[in-house]
1. For labels at ALA40 and ALA54 in the simple 7 Å Cα→Cβ model, what's the distance in nm?
2. Which value does Rg/Rh take for the chain over its C-alpha atoms, Rh per Kirkwood?
3. Translational D (Stokes-Einstein, µm²/s) of the range 87-187 at 10 °C and 1.306 mPa s when Rh comes from the Kirkwood sum over C-alpha pairs?
4. In terms of modelled amide H atoms, which long-range or inter-chain residues lie less than 5 Å from the amide H of TYR199?
5. Assigning unit charges at the beta carbon (Lys, Arg +1; Asp, Glu -1) and nothing else, what dipole magnitude in debye, to the nearest 20, does the range 44-110 show about its Cα centre?
6. Per DSSP H run of n ≥ 4, the term is -39500 (n - 2.57); total these for the chain, divide by its residue number, and report the mean residue ellipticity at 222 nm rounded to 500 deg cm²/dmol.
7. Relative to the present Cα-Cα distance, how much length would full extension add between ARG14 and SER200 at 0.36 nm per residue of separation?
8. Which value in nm describes the separation of the simple spin-label points at HIS131 and THR151, placed 7 Å from the Cα toward the beta carbon?
Amino acid sequence: MKLSILIPVYNEARTVETLVQSVLRVKLPCERELVAVDDASTDGSWKILERLQAAGQLKAVRHERNQGKGAAIRTALASATGDVILIQDADLEYDPQDYPVLLAPIIDDRADVVYGSRFLGGPHRVLLFWHYLGNVLFTLLTNVLYNVNLTDMGVGYKVFRASVLKSFSLKSDRFGFEPEVTAKVCKKHLRLYEVPISYSGRTYAEGKKITWRDGFTYGWCLLKFRLCD
């Protein structure tokens, strides 16, 4: 088995190299490849990725204009050659040491898709109540619309059999990727597992990018993909 780790990057010069080294240190029972897509960063992230690519540590692609997380994932997916796909944000909120737990249900052939969950008992940094409440509400909406019992729809750690993810016609360019891909997984009635993960969230001062405006995107996407596509 080969694992492709897709890393969307936008203005993460402070963290991306540390993240890459953390990914490379994780002990895995399989081959791995790292595919990073710089989404037109303006802070020097691309120069770091170019250097890491020259050192043979990852594949790097750059968008000439900012398009969003969903678009970066689609670009990375086009270059991925693994049997399993894992989404890894570049901001250190998620710990690559959780990979073995995330991969286990797929390796054991119990799952087609695995979501990490920040609400199943793993350690997490105590932060913003309104972000937590928003995630709870959108997860509840997901469960009602798609008849599932997820605990963390908006989690960044999502793992897929490559054949599954590549079969989807993904359209959302920005943070709409999360509800869109969840909707498509649920509508296909795929074997979906959740596992507990750790979470070290950031404040806006530390670089967090998702805002309350993205909540409208979440709600709209969940409704839209329930009714069409």
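Where a number appears in this text, it was derived from the coordinates with a stated rule and is not lab data. These figures come from a predicted structure and were not determined experimentally. Note that we place each Cβ from the backbone using ideal geometry, even for glycine, and neighbour counts take in every protein chain shown.
1. 2.6 nm
2. On the way: Rg = 16.4 Å, Rh = 17.7 Å.
Reported Rg/Rh, Kirkwood definition of Rh: 0.93.
3. Details: Rh = 14.6 Å.
For these conditions, the coefficient is 109 µm²/s.
4. Long-range HN contacts for TYR199: HIS124, ARG125.
5. Values: 8 positive and 10 negative charges, 99 e Å.
In debye, rounded to 20, the range 44-110 gives about 480.
6. Rounded to the nearest 500, it is -12000 deg cm²/dmol.
7. On the way: separation 186, 0.36 × 186 = 66.96 nm, distance 1.56 nm.
Roughly 65.4 nm would be gained on extension.
8. Label at HIS131, label at THR151, 1.9 nm between them.
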